[in-house]
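Asker: This is the structure, below, for whatever I ask next.
The values are calculated or read from the model by the stated rules, or taken from the named source; none is laboratory data. Keep in mind that this is a model prediction, so the values were computed, not measured. FYI the Cβ positions are ideal-geometry reconstructions off the backbone, even for glycines, and counts take in every protein chain you see.
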Amino acid sequence: MFLSVLIPTRNRARYLRFAVQSALNINSDEIEILVSENHSHDNSATILSEFSDPRLHVYIPQIPLAMHENWEFLLSKAKGEWVYFLGDDDAMMPHAVEHLRKVVARHPRVEAIVSPRAYYFWDGLEADYGGSQLKCNFSDKEVWRDSKKMLYRCLDGSIDYFALPQIYSGGFQRNTLINRIKRAQGGSYFKSVTPDAYSALVGVLHTFRYLEIGVPLAWIGTSPSLQSKHKGGLKPHELKDRNKDFYGMHSDKKLRLNFALGEFNNFTFTTCFYEAYTSAAPHINYDLLSQRILKKVFYDFCHKKSLQNDSAAIEELSLELGFPVPSVLSFDYNIFRLKGIFLFFVYNFQKIFILVLRQFGIVQKYSYKASAETVFENILAFDVYLSKMYSEFSQIDRS
């Protein structure tokens, strides 16, 4: 078996059908699709029963599981050489197995791969993301990244963890890496309640390098939640409820949120990554844990929440962590932000340079941008364009 696509799901019947169908649409017998139906209250089980493809296997845990437990349960069933967790509002792209095989053939020693983030915005997010419905592009890039350097960039706040080799949101991990992580951690893979961030962390802790490619292999579906500005007419039970189906399912006797980082009701990617980082102990360098670093996390949180005009969240976390809310004239805060801006340009110089070259037609990039009049009724409606894009991309003479 070449690829295992794992779909953990709970109360997401509105999108689940498309996630499963997208994986089944891949023309390959070397793929297995494993779904863990985590005791949903909607008609998820009925939807899954409508599929009859032998590559699809549906599991129901004995009891409802917290998110990281559900991921661990499903991972234990995987038999593929490569593993990918597909969100239940996401979708695989039809060329995923074909291109992944090409990449592995060119780089047979690779154990972790990151593909570009291609977004599909479901109905109801217009107020959050404007009129755009999808973002997708192809490029020739295949670059080795130094795992530890990228880890430090995440810790200093210059990049978010989705640039690291997750096992989710476009990131793929080989079973040799997964098994090595399990051995180092006493038999389990996920040691944090934020499994996507944790997979990114262990992906760099247990490798020297990973491969970043330029062809997206999966859609990152973004769907309305209770926190969305506009909910597209959806009823409360049809929206993602983090407190009910994520945070509320953790037990004091098992893994729970690291309260040193606050209650997590208002989170940022940096906060999630530090939660994963602190949960990885004793497999990490304790020297990197300090109040100074925690303050940097807080500053990052303040910056992002200030852009959303969410002063209440800033005040709440300020009280929880014991740090004063930084003023506009705060020297430490401004130095932190200036350093972040400087590091962004330093680390992204290559990307900026390539963008300039593309403007002059020196470097080609195949992309698709939906116009305001273009509407795709669901995440699979773009597949015909994807197949055409990938076919044209594969025929380019790069000699």
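Asker: Are any residues in the range 300-320 in contact (Cβ under 8 Å) with a residue 40 or more places away in the chain and surrounded by 17 or more Cβ atoms within 10 Å (Cβ to Cβ), and if so, which ones?
Answerer: 300, 313, 317
Asker: Restricting to the range 6-28, name every residue that is more than 19 Å from the chain's Cα centre (by Cα) and either more than 25 Å from residue 174 (Cβ to Cβ) or crowded, with 19+ Cβ neighbours inside 10 Å (or both).
Answerer: If the condition is that a residue be more than 19 Å from the chain's Cα centre (by Cα) and either more than 25 Å from residue 174 (Cβ to Cβ) or crowded, with 19+ Cβ neighbours inside 10 Å (or both), then 11, 13, 14, 17, 21, 26 are the ones that fit.
Asker: Another one. Can you name every residue in the range 1-58 that is charged (D, E, K, R) and closer than 19 Å to residue 383 by Cα?
Answerer: Correct list: 17 only.
Asker: Let me ask something additional. How about the range 47-58: which of its residues are of a type outside the set (A, V, I, L, M) and farther than 20 Å from residue 167 by Cα?
Answerer: 49, 50, 51, 52, 53, 54, 55
Asker: Can you pull out the strands (runs of 3 or more DSSP E) entirely within the range 133-205 that have at least 3 residues that are among the charged types (D, E, K, R) and touching a residue at least 12 places away in the same chain (Cβ under 8 Å)?
Answerer: 142-146
Asker: So, in the range 53-111, exactly how many residues are under 20 Å from residue 207 (Cα atoms) and either among the β-branched types (Val, Ile, Thr) or free of Cβ contacts under 8 Å to residues at least 40 places away in the same chain (or both)?
Answerer: 8
Asker: Just need a number here: residues in the range 191-215 that are at pLDDT 90 or above and in contact with a Cys (Cβ under 6 Å, 6 or more places away or on another chain).
Answerer: Looking only at that region, the number is 1.
Asker: Right, another one. Quick one: would you say residue 68 is under 23 Å from the mean Cα position of the chain (by Cα), at pLDDT below 95 and not in a loop (DSSP other than H, G, I, E, B)?
Answerer: yes
Asker: Residue by residue through the range 86-96, note down the ones that are of a type outside the set (Asp, Glu), touching a helix residue (DSSP H, G or I) at 6+ places or on another chain (Cβ under 8 Å) and not in a strand (DSSP E or B).
Answerer: 86, 87, 93, 94, 95
Asker: Criterion first (in contact (Cβ under 8 Å) with a residue 24 or more places away in the chain and surrounded by 19 or more Cβ atoms within 10 Å (Cβ to Cβ)) does residue 40 satisfy it?
Answerer: Spelling it out, residue 40 is indeed in contact (Cβ under 8 Å) with a residue 24 or more places away in the chain and surrounded by 19 or more Cβ atoms within 10 Å (Cβ to Cβ).
Asker: Name every residue in the range 77-128 that is among the basic types (Lys, Arg), modelled with pLDDT of 95 or more and within 26 Å of residue 187 (Cα to Cα), in order of residue number.
Answerer: 77, 79, listed by residue number.
Asker: Here's a follow-up. For residue 83, state whether it is aliphatic (A, V, I, L, M) and part of a helix (DSSP H, G or I).
Answerer: The answer is no for residue 83.
Asker: Taking the residues in the range 206-228 that are touching a Leu at 6+ places or on another chain (Cβ under 8 Å), assigned to a loop (DSSP other than H, G, I, E, B) and of a type in the set (A, V, I, L, M, F, W, C) as candidates, determine which candidate is nearest to residue 67 (Cα to Cα).
Answerer: Among those residues, the one meeting the criterion is 226.
Asker: So in the range 29-64, with the set limited to residues that are of a type in the set (A, V, I, L, M, F, W, C) and part of a loop (DSSP other than H, G, I, E, B), which one is nearest to the chain's Cα centre (by Cα)?
Answerer: This residue is 60.
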